[in-house]
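In what follows, a single structure is set out as structure tokens and then discussed.
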Amino acid sequence: MSEEKSLNFIEEIVAADLAAGKHKSILTRFPPEPNGYLHIGHAKSICLNFGLAQKFNGATNLRFDDTNPEKEETEYVESIKADVQWLGFNWVKECYASDYFDQLYAFALELIDKGLAYVDDSTAEEIAQQKGTPTVPGTGNDYRNRSVEENRTLFEAMKAGKYKDGEKVLRAKIDLANPNMHMRDPLLYRIKTAHHHRTGDKWCIYPMYDFAHGQSDSIENITHSVCTLEFIPHRALYDWCIEQLGIFPSKQYEFARLNMTYTVMSKRKLLQLVQEGHVQSWDDPRMPTISGMRRRGYTPESIRDFCDRIGIAKRENIIDFSLLEFCVREHLNKIALRRMVVANPIKLVITNYEQAEEVLHSENNPEDENGGARAVPFSKELWIEREDFMEEPTKKYFRLGPGLSVRLKSAYIVTCDSFDKDADGNITTVYVTYHPNSKSGSDTSGIHVKGTLHWVSAKHAVKVTLKEYDRLFNVEDLNTAEGDFKDYINPNSLNTVEAYAEPSLVNDHSDARFQFLRKGYFYRDPASTSNNLVFNRTVTLKDAWAKEQKK
RNA sequence: UGCCCGAUAGUAUAAUGGUAGUACGACUGUUUUUGGUGCAGUUUGUCUUGGUUCGAAUCCAGGUCGGGCAACCA
């Protein structure tokens, strides 16, 4: 029996509602606007909404909040569906607010008939002015006193396309002095002569968020409508509409959105990064988008685990990026195939190795007993990392240097005899002798070494490209950093290097997760071809040596 | 200075009137044919002032601090 994890406050509400018999079962929804790609913040919401349904035996709708045709596109609809599915969730119904346009229009007429809505001819500026300020009550205008008949005629004419954009709006008639600004006769419908991605040119009036979202929830019989904190002041209006219309009482609950260190979490800013070329696309592996993270090599499991660990609450928060990294590492460590790749090579010559070559075997994953092994060719000349040799080794350095010995992973122990330098003083070749009785798995040499190096046989090496990513921004908290967020873009967020890889990589599955030994976790980029393999670095390995060096 | 929301280690998040715990991070040590992994340990916290109570992170009141609200966006 595992320990029961305590419920978050929304789960508690659901549990209480169910226990009280308020609902027989629950129905949640994930309601993205198709005006951009989903990011890790949306993943939090997706995991919450779908997770609630899973936990309490309910279901979840996917609903596109597509009430603003000027910003929404089918491309975004498709990417959102793909991302939700990739994360591992299934919706019971695929819905669109635009499916309810007729119903919403009928609701509007109903409010008009009840004297609860009116057509206003004021300009946007006038309306804003008449709304007052948070501390000063709004003032009305004469349009507010139009008769039901006149409002009805006018609103029908709006729908019929008799007016230009912005000429008239439909407003709720609530309370211009309400301390909640959202209750000061909010706009319900506006005229927009725009082509809608689903309804085409059928409509020229479109409902506002506040007149679409709650009713959509209600139409679908959503029991728990979960959204982020900024919608708290909208809740009064949400409830008002449902009450006046006398429809299914969906309830809204709010939680704090996700913020993360070293990145931005706004569609507007992400769009800007794409449009201005700071990154290459929405699915650039540096982006915090679901598609970017997928391309970078994050697994759905690790993202779900992350969402599980960050919790749900109402206080503002900023999550350490290192927690996300921890989650991927933890999963990848269990599933990634180990391979050897040398990125910044120097030649290693084994002077006493007389064979042409031999085939060694190395485990695919030491965490997985049944993971098997792959063949790795070994020969007299190898590539090793430049940083694995030091001409004058420091005390705690236990790699190669004059007179020092190391283990070559899954091969032999070698001892350094000498090295060559070029005219600039750069090491070009390191000469070692190997100990034939130290072969991995049958070591009788009795020699103990501290360091183990990865290597690639020079004549068998395959050239590959490594994309090493670093954080996109230089400051932890972009929300409190002064000035333009783009001033903090990390100019070194992408480092492309050519590397030598062991040949097995050519035949490995394109969707495999790799750990390049001592370097990090990597995932093949979709732009790869068989003669030009490109790997994205998902995350580095923890590096105790790097920390030691900083001291 | 109208209304609303919030405040527990560096960062998150539990404790639902009864021992302030967990995770990540940081730091030690240990294991290791990855300076990875694993394992063991250390470190740091209830915004403040009163009140209620045998007992308060929790309930009440005042204060402080942070955030939100005045798009024909969602």
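The values are calculated or read from the model by the stated rules, or taken from the named source; none is laboratory data. Bear in mind that the values here come from a model prediction, so they are computed numbers and not experimental data. When we count neighbours, we look across all protein chains shown, and the Cβ atoms used for this are built from the backbone with ideal geometry, even at glycine. To get the accessible areas, we keep the full protein, side chains included, count just its heavy atoms, and leave off ligands, DNA and RNA. Shrake-Rupley method; radii C 1.70, N 1.55, O 1.52, S 1.80 Å.
Scanning the range A:305-350 for residues that are farther than 28 Å from A:Leu466 by Cβ and of a type outside the set (A, V, I, L, M) yields a count of 8. Of the strands (runs of 3 or more DSSP E) lying entirely inside the range A:346-419, those containing at least 2 residues that are more than 40 Å from the chain's Cα centre (by Cα) span A:357-363, A:373-379, A:405-408.
Scanning the range A:208-240 for residues that are away from RNA strand B (no atom under 11 Å from the Cβ) and touching a residue at least 40 places away in the same chain (Cβ under 8 Å) yields A:Gln215, A:Asp217, A:Ile219, A:Glu220, A:Asn221, A:Ile222, A:Thr223, A:His224, A:Ser225, A:Val226, A:Trp240.
Selection of the range A:167-189 for residues being open to solvent by 50 Å² or more (accessible area, probe 1.4 Å) and not charged (D, E, K, R) yields A:Ala177, A:Pro179, A:Met181, A:His182. Looking across the range A:15-37 at every residue that is within 18 Å of A:Ile312 (Cβ to Cβ) and out of contact with any Leu (no Cβ under 6 Å at 6 or more places or on another chain), the one that is farthest from RNA strand B (Cβ to nearest atom) is identified as A:Ile26. Taking each residue of the range A:24-53 that is closer than 22 Å to A:Ile310 by Cβ and of a type in the set (D, E, K, R) and looking for partners that are part of a loop (DSSP other than H, G, I, E, B) and within 12 Å of RNA strand B (Cβ to nearest atom) with beta-carbon atoms closer than 9 Å, six or more apart or interchain, yields A:Lys44/A:Arg257; A:Lys44/A:Leu258; A:Lys44/A:Ile312. Applying the selection to the range A:302-313, what residues are near RNA strand B (Cβ under 8 Å from one of its atoms) and surrounded by 14 or more Cβ atoms within 10 Å (Cβ to Cβ)? If the condition is that a residue be near RNA strand B (Cβ under 8 Å from one of its atoms) and surrounded by 14 or more Cβ atoms within 10 Å (Cβ to Cβ), then A:Ile310, A:Gly311, A:Ile312 are the ones that fit.
Tell me, which residue of the range A:174-228 that is small (Gly, Ala, Ser) and in contact with a Pro (Cβ under 6 Å, 6 or more places away or on another chain) is nearest to A:Ile127 (Cα to Cα)? I'd like the intermediate steps shown before the answer.
Start the filter on the range A:174-228 by keeping residues that are small (Gly, Ala, Ser), which leaves A:177, A:194, A:200, A:212, A:214, A:216, A:218, A:225.
Okay, now just the ones that are also in contact with a Pro (Cβ under 6 Å, 6 or more places away or on another chain), so A:177, A:194.
Details: A:Ala177: 14, A:Ala194: 23 Å.
Looking at residues that are small (Gly, Ala, Ser) and in contact with a Pro (Cβ under 6 Å, 6 or more places away or on another chain), I get A:Ala177.
Considering only the range A:136-181, state which residues are part of a strand (DSSP E or B) and modelled with pLDDT of 95 or more. The answer is A:Val169, A:Leu170, A:Arg171, A:Ala172. Here A:Ile222 fits the description: buried (at least 21 other Cβ atoms within 10 Å of the Cβ) and either assigned to a loop (DSSP other than H, G, I, E, B) or at positive phi (or both). A:Asp511 meets all of the listed conditions (1) within 16 Å of RNA strand B (Cβ to nearest atom); (2) surrounded by fewer than 21 Cβ atoms within 10 Å (Cβ to Cβ); (3) among the charged types (D, E, K, R) but one, namely (1).
Summed over the range A:484-532, the residues that are among the aromatic types (Phe, Trp, Tyr) and more than 28 Å from A:Phe326 (Cβ to Cβ) give a count of 1.
Evaluate the range A:478-490: report whether one residue or more is part of a loop (DSSP other than H, G, I, E, B), among the aliphatic types (A, V, I, L, M) and either open to solvent by 50 Å² or more (accessible area, probe 1.4 Å) or free of Cβ contacts under 8 Å to residues at least 12 places away in the same chain (or both). Steps first, please.
Of the range A:478-490, the ones part of a loop (DSSP other than H, G, I, E, B) are A:478-484, A:490.
Remaining after also requiring among the aliphatic types (A, V, I, L, M): A:478, A:481.
If we keep only those that are either open to solvent by 50 Å² or more (accessible area, probe 1.4 Å) or free of Cβ contacts under 8 Å to residues at least 12 places away in the same chain (or both) as well, we get A:481.
Yes, there is a match, as at least one residue in the range A:478-490 is part of a loop (DSSP other than H, G, I, E, B), among the aliphatic types (A, V, I, L, M) and either open to solvent by 50 Å² or more (accessible area, probe 1.4 Å) or free of Cβ contacts under 8 Å to residues at least 12 places away in the same chain (or both).
What residue, among those in the range A:263-297 that are open to solvent by 20 Å² or more (accessible area, probe 1.4 Å) and touching a Leu at 6+ places or on another chain (Cβ under 7 Å), is farthest from A:Phe485 (Cα to Cα)? Spell out the reasoning first.
Kept after step one, since they are open to solvent by 20 Å² or more (accessible area, probe 1.4 Å), are these residues of the range A:263-297: A:265-269, A:271-272, A:274-278, A:280-283, A:286, A:294-296.
Keeping just the survivors that are touching a Leu at 6+ places or on another chain (Cβ under 7 Å) gives A:265, A:286.
Details: A:Met265: 11, A:Arg286: 16 Å.
Applying the filter and picking the extreme gives A:Arg286.
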